[in-house]
Amino acid sequence: MSALIGDKGYDGDGFRAQILDRGAKPVIPNKSNRVTLHSFSKRAYKGRNVIERCFCRLKDFRRVATRYDKLARNYLAAVHLAAIVAYWIN
């Protein structure tokens, strides 16, 4: 079963219903003012932080953040190079 991981901004009943209709499980924490609480996997939600840090590190490269390339293949090559350099630095 697939899961959609989102932050508290996507904690709406309509959005949760759409996720369930598509056959995925919503992994979204509850807002602080929510009346009916939904359960979610805290372990799966922690993986979201890794993805966020990866995108943040890729956006440190100006060419990737501003997307100077017009062709998708050139942009993908720039993302690959930025990922290699970011991994190599750390």
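Tabulated data for the structure shown
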read-out: Label-reachable residues, the range 33-67, where backbone N falls under 12 Å from a point 7 Å from Tyr75's Cα toward its Cβ; value: 64-67
read-out: Helix-only mean residue ellipticity at 222 nm for the chain, each DSSP H run of n ≥ 4 adding -39500 (n - 2.57), per residue, nearest 500; value: -17000 deg cm²/dmol
read-out: With all protein chains modelled, accessible area of Ile89 [1.4 Å, Å²]; value: 120
read-out: Residues of the chain: accessible area per residue with a 1.4 Å probe, Å²; value: 82
read-out: Accessible surface of the range 1-40, 1.4 Å probe, proportion on carbon and sulfur as whole %; value: 53
read-out: Nitroxide proxy distance, nm - points 7 Å out along Cα→Cβ at Arg67 and Glu52; value: 2.2
read-out: Under the Debye formula (equal points on every Cα, no solvent term), log10 I(q)/I(0) of the range 46-89 at q = 0.16, 0.27 Å⁻¹; value: -0.42, -0.94
read-out: Normalised contact order of the chain, rounded percent, pairs of Cα under 8 Å and 6 or more residues apart; value: 21
read-out: Förster radius 22 Å - calculated FRET efficiency between Lys42 and Ala17, Cβ distance, rounded to 0.05; value: 0.50
read-out: Portion, in percent, of the accessible area of the range 46-89 that falls on carbon or sulfur, probe 1.4 Å; value: 63
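The values are calculated or read from the model by the stated rules, or taken from the named source; none is laboratory data. Nothing here was measured: the structure is a model prediction, and the numbers come from that model. Reconstructed Cβ throughout: ideal geometry from the backbone, glycine too, with neighbour counts over all protein chains shown. Surface accessibility is based on the protein's heavy atoms, side chains included, excluding ligands, DNA and RNA. Shrake-Rupley method; radii C 1.70, N 1.55, O 1.52, S 1.80 Å.
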